[in-house]
Amino acid sequence: SGAAATGEDRRVTTRDVQLLPKQRQFLRSVAPNNLYSGAVRAGKTVALCWKTCIRASVPNSREALVRKHNVTLKATTLVTLLQGDGMNPPILPPGSYDWHKADQVISLHGGGEIVYFGLDDVQKIGSRSLTGANIDEAVEVDEGDWDMLQTRVSLEVPGLPQQVNGACNPGPPGHFLAQRFGLALGQQAQPDHESIHTHSAENSFLTRAYLDRINRLKGSMYERLVRGR
C-alpha cells in the first residue's frame with residue numbers, strides 16, 4: 001500500500017514498495033529543479049507520481065501534477081496515479097483521498113492536496129500558490145512553461161523544500177532542459193539543477209524478451225529510447 005492506514009501519520013510512504021535505485025534517488029533529491037530523464041519504460045512517470053504523492057501527504061501542502069495537455073494528463077499520468085498501470089497498483093490507494101473531479105483537485109486524508117492541470121489551460125493555474133510543481137513528459141513543455149511554474153511555487157510549508165520536478169524522455173541537445181540540466185555534451189548543469197539519468201536496462205522489472213526487442217532499434221531511436229541519451 002502507499003499510505004499508512006492507522007495512527008496520526010498518514011503520509012504516503014514507499015516503505016513496502018519495490019522501487020528502482022534511480023527512482024529512489026529522484027525521490028530523495030531536494031534540488032529546487034529536479035529532472036528524471038531517461039529511456040522508455042524506465043519508470044519515469046511512476047517516480048514522478050510517487051514524488052508528488054509523498055510531498056502532497058505533508059499537511060498544508062499543495063502540489064501540482066502537470067502535463068502540456070490536460071487531456072493527455074488525464075489519459076496517462078492520472079491513470080498511473082489513481083488506477084495503476086498494468087499489473088501495478090495505483091500510487092494512491094483507494095480510500096486514502098477525496099477526488100474533486102470538477103476542480104481537478106485530490107485531497108489526501110491527513111495531508112495536503114494535489115491539483116492537476118494541463119498547461120494548455122492557463123485558467124486552471126489561476127493565482128494558486130504551490131509548494132511544488134511536478135511535470136510529466138517535461139520535454140513537451142517550453143521554457144516559458146517551466147519558468148511560469150517556478151513563479152507559482154511560493155507556498156512555504158515547514159520541512160518541505162519548494163521544487164519543480166520533471167520526468168521525460170530526452171530531447172535534442174538544443175532543448176532548454178538539456179541546456180539547463182547539463183545533459184548536452186560538454187555542458188554543466190546550472191546552479192540548483194539536478195538530473196538523474198536512466199536507461200531501459202536498469203529497469204529490473206522488464207522482461208528479457210522486451211529488452212531484446214527494443215535493443216533491435218537503430219541509430220538515434222536506439223540512443224534516445226533505449227539508452228536515454
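The values are calculated or read from the model by the stated rules, or taken from the named source; none is laboratory data. As the structure is a computational prediction, the values presented were derived from the model and not from experiment. Virtual Cβ from ideal backbone geometry, glycine too; neighbours counted across all protein chains shown. The accessibility values were calculated without ligands, DNA or RNA, using every heavy atom of the protein model including side chains. Shrake-Rupley method; radii C 1.70, N 1.55, O 1.52, S 1.80 Å.
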Quick one: is Leu149 closer than 19 Å to Ser61 by Cα, surrounded by 15 or more Cβ atoms within 10 Å (Cβ to Cβ), more than 16 Å from the chain's Cα centre (by Cα) and in contact (Cβ under 8 Å) with a residue 40 or more places away in the chain? no
More than 16 Å from Gly132 (Cα to Cα), at pLDDT below 90, of a type in the set (A, V, I, L, M, F, W, C) and assigned to a helix (DSSP H, G or I), is that true of Val46? yes
Name the one entry in Leu82, Leu73, Leu78, Leu20 that is at pLDDT below 85, open to solvent by less than 40 Å² (accessible area, probe 1.4 Å) and over 21 Å from Gly159 (Cβ atoms). Leu20
Flag if Glu143 is modelled with pLDDT under 95 and open to solvent by 50 Å² or more (accessible area, probe 1.4 Å): yes
Looking at the stretch 153-162, is at least one residue at positive phi, out of contact with any helix residue (DSSP H, G or I) (no Cβ under 9 Å at 6 or more places or on another chain) and exposed (fewer than 15 other Cβ atoms within 10 Å of the Cβ)? yes
Is the stretch 129-139 home to any residue that is more than 19 Å from Leu35 (Cβ to Cβ) and either modelled with pLDDT of 95 or more or over 15 Å from the mean Cα position of the chain (by Cα) (or both)? yes
